[in-house]
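Since every read-out is calculated from the coordinates, none of them should be taken as a lab result. What you see is a predicted model, and the numbers here were worked out from it, not measured in a lab. Cβ atoms come from the backbone with ideal geometry, glycine included; neighbour counts cover every protein chain shown.
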Amino acid sequence: MPEKPVLHHCVGTCSTVARIVLEEAQVDYELQRLTLGPDGITERDYAQIHPFSRVPALTQPDGEVLTELAAILAHVVLGHTTLELPAPMRAREIEWHSGLFSYVHTPFRRFFRPQRCFPQPAPTAVLQSFREHARQQFHRGLTYFGHRIAGPYALGERFSTVDPYLYVMCHWGRATEFDFDEHPALRAHATRVEERAAVRSCLEDDGISTLWS
Ligand SMILES: N[C@@H](CCC(=O)N[C@@H](CS)C(=O)NCC(=O)O)C(=O)O
């Protein structure tokens with residue numbers, strides 16, 4: 001059994017969101033770095049931890065494994081004086097998490113690895129148009145959430161678990177050539193999130209550059 005919680009993590013993926021929130025909450029945790037290859041996570045024995053071989057997962061000191069980003073985040077902030085939102089805002093937080101996953105994260109997955117959405121190798125032209133469609137869906141989702149930023153943070157005055165999720169989606173927006181100049185609210189939000197010490201330290205440790213450096 002681990003002495004500390006262990007975050008199972010791949011650089012550049014949505015597990016970065018969990019990492020940022022663990023750092024924000026000042027949790028003493030260990031990191032297990034995994035590698036994401038073209039066909040998924042390359043460490044085969046990881047399927048014993050996460051049945052679908054996805055990150056993030058959080059192994060707790062009692063051996064229990066928590067999967068699903070939103071659940072991990074809810075667990076980490078539970079009872080935390082600054083990160084746990086007041087009850088009336090929690091439904092909004094869930095709304096954002098579910099929406100970001102469905103309308104932003106999932107289209108990006110199709111854009112990033114379109115071939116994994118087909119049971120057999122698909123012709124290049126099919127893959128290209130599938131990918132372009134996914135890119136447009138991703139942009140539509142990111143634009144929608146950009147318009148919903150209450151400011152200064154996504155849900156208003158308070159930083160919440162939604163902010164690093166939206167921020168990581170903005171990183172992915174670099175790969176899809178999302179035009180941030182046309183979306184100043186998203187740019188300002190990402191810049192604000194990036195100023196936080198916890199975010200900087202995760203980026204540095206993972207060797208990821210800041211968004212507009
Ligand atoms: N519903 C899961 C999705 C997790 C997920 O898809 N994670 C990606 C990284 S962003 C992953 O592990 N990909 C590995 C793969 O595609 O095989 C959650 O919210 O935690």
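Tabulated data
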item	result
Distance in nm between pseudo-label sites at Arg140 and Ser102 (7 Å out along the Cβ direction from Cα)	1.3
Inter-label distance, nm, simple model (7 Å from Cα along the C-beta direction), Thr67/Glu157	4.0
Cβ crowding within 10 Å averaged over residues, with 42-54, 112-124 ranked highest first	42-54, 112-124
Sites Glu3 and Ala188, calculated FRET efficiency, Cβ-Cβ separation with R0 30 Å, nearest 0.05	0.15
Segment Val126-Arg33, length gained on full extension (0.36 nm per residue, minus Cα span)	30.1 nm
Estimated [θ] at 222 nm from DSSP helical runs (n ≥ 4, -39500 (n - 2.57)) normalised by residues in the chain, nearest 500	-14500 deg cm²/dmol
Derived scalar couplings ³J(HN,Hα) [segment 151-161; Karplus, 6.51 cos²θ - 1.76 cosθ + 1.60; whole Hz; x for Gly, Pro]	x, x, 9, 4, 9, x, 5, 9, 5, 9, 5
Estimated vicinal HN-Hα couplings, Hz - segment 23-31 in sequence order (Karplus 6.51, -1.76, 1.60; Gly, Pro = x)	5, 4, 7, 6, 7, 7, 9, 9, 10
Inter-centroid distance (Cα atoms) of segment 142-161 relative to segment 175-193, Å	12
Selection of GluC sites (Glu not before Pro), segment 106-209, meeting DSSP coil and at most 11 other Cβ within 10 Å	Glu157, Glu177, Glu195
Calculated FRET efficiency for the pair Ser209/Thr42, C-beta based, R₀ 22 Å, to 0.05	0.40
For segment 87-196, size of Cβ-based charge dipole, Lys and Arg +1, Asp and Glu -1, in debye	400
Kirkwood Rh in Å, taken over all unlike Cα pairs in segment 6-77	12.2
Karplus-derived 3J(HN,Hα), 6.51/-1.76/1.60, for each residue of segment 75-90, Hz, glycine and proline x	5, 5, 8, 4, x, 7, 4, 9, 8, 7, 7, x, 3, x, 8, 5
Cα coordinate range in the chain, projected on the principal axes (Å, largest first)	51, 43, 33
Kirkwood Rh and Cα Rg combined as Rg over Rh, evaluated for segment 86-164	1.13
